[in-house]
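A.B. asks: One structure, as structure tokens, below. Some questions next.
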Amino acid sequence: MKQYNLFLDASALVAYFNIEDEFHKQAIEIIDTEHISLNFYTCDVTVLELQYVLWKKVNHFTAIDKTLGLIEAEDVTVLTCDIEDMLNELEIFKLHPMPSFDAIICAIMNRQGIELLVSFDRQHFDAVDGIVRIESLKELKAKTG
């Protein structure tokens, strides 16, 4: 079975961990699917954003628990941001003004050759070349053929 690389945005991770999130069911269906062989990636900046959002939306105990769980997960690779990524983030930001944590995701994905992104952020990622935003299992199946 062919494996596909899939980057997890903070919005996808928050939805996955927060049963009150409007996209919880969609996140569960994508991340827990057994129909497609997936390699999961995220980045250090996304982990920090996840921690912050869970702290604000749920509580700090959940934020700590889920952040540690993600960092220690064997099936998720947490990529680190470097200076080159920051420079590329600025280039992306020049073309597509967006929050820096979204532009850095694009820079890291481009560096790693990862095209597919699970995100419920409809404002920013769709404009960036080389990024295919997924928000449902049906879309993921269509993109992975």
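A.B. asks: Tell me which of these Asn88 doesn't satisfy, since it passes every other one: (1) over 15 Å from the mean Cα position of the chain (by Cα); (2) under 17 Å from Val47 (Cβ atoms); (3) not basic (Lys, Arg).
C.D. replies: Asn88 satisfies every listed condition except (2).
A.B. asks: Quick check on my filter: what residues within segment 71-86 are touching a helix residue (DSSP H, G or I) at 6+ places or on another chain (Cβ under 8 Å) and either closer than 16 Å to Gln112 by Cβ or not in a helix (DSSP H, G or I) (or both)?
C.D. replies: Val76, Val78, Leu79, Thr80, Cys81, Glu84, Asp85, Met86
A.B. asks: Tell me, which residue of segment 3-39 that is among the β-branched types (Val, Ile, Thr) and under 14 Å from Lys57 (Cα atoms) is farthest from the chain's Cα centre (by Cα)?
C.D. replies: Ile19
A.B. asks: Which residue, of Asp121, Asp126, is surrounded by fewer than 18 Cβ atoms within 10 Å (Cβ to Cβ) and within 15 Å of Ser11 (Cβ to Cβ)?
C.D. replies: Testing whether each residue is surrounded by fewer than 18 Cβ atoms within 10 Å (Cβ to Cβ) and within 15 Å of Ser11 (Cβ to Cβ) leaves just Asp126.
A.B. asks: Could you please give the count of residues in segment 24-39 that are over 14 Å from Leu8 (Cα atoms) and modelled with pLDDT of 95 or more?
C.D. replies: Of the residues in segment 24-39, 1 are over 14 Å from Leu8 (Cα atoms) and modelled with pLDDT of 95 or more.
A.B. asks: Would it be correct to say that Val53 is touching a residue at least 12 places away in the same chain (Cβ under 8 Å) and either in contact with a Cys (Cβ under 6 Å, 6 or more places away or on another chain) or crowded, with 18+ Cβ neighbours inside 10 Å (or both)?
C.D. replies: Here the answer is yes, as Val53 does meet what is asked.
A.B. asks: So which residues in segment 129-145 are assigned to a loop (DSSP other than H, G, I, E, B) and either closer than 16 Å to Ala12 by Cα or touching a Phe, Trp or Tyr at 6+ places or on another chain (Cβ under 8 Å) (or both)?
C.D. replies: Within segment 129-145, Ile131, Glu135, Ser136 meet the criteria.
A.B. asks: What number of residues in segment 96-117 are within 19 Å of Cys81 (Cβ to Cβ) and either among the β-branched types (Val, Ile, Thr) or not in a loop (DSSP other than H, G, I, E, B) (or both)?
C.D. replies: The number of residues fulfilling the criteria is 15.
A.B. asks: Which is modelled with pLDDT of 95 or more and among the charged types (D, E, K, R), of Asp121, Asp44?
C.D. replies: The match here is Asp44.
Yes/no matrix, rows are residues, columns are (1) under 14 Å from the mean Cα position of the chain (by Cα); (2) among the β-branched types (Val, Ile, Thr):
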{"site": "Ile92", "(1), (2)": "no, yes"}
{"site": "Pro97", "(1), (2)": "no, no"}
{"site": "Asp102", "(1), (2)": "yes, no"}
{"site": "Val118", "(1), (2)": "yes, yes"}
{"site": "Phe125", "(1), (2)": "yes, no"}
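A.B. asks: Sticking with this one: Are any residues in segment 1-46 assigned to a helix (DSSP H, G or I), buried (at least 18 other Cβ atoms within 10 Å of the Cβ) and either in contact (Cβ under 8 Å) with a residue 60 or more places away in the chain or aliphatic (A, V, I, L, M) (or both), and if so, which ones?
C.D. replies: Ala10, Ser11, Ala12, Leu13, Val14, Ala15, Gln26, Ala27, Ile30, Ile31, Val45 - these are the residues of segment 1-46 that are assigned to a helix (DSSP H, G or I), buried (at least 18 other Cβ atoms within 10 Å of the Cβ) and either in contact (Cβ under 8 Å) with a residue 60 or more places away in the chain or aliphatic (A, V, I, L, M) (or both).
The values are calculated or read from the model by the stated rules, or taken from the named source; none is laboratory data. These numbers come from a predicted model, not from an experiment. Note that each Cβ is placed from the backbone with ideal geometry, even for glycine, and that neighbours are counted across all protein chains shown.
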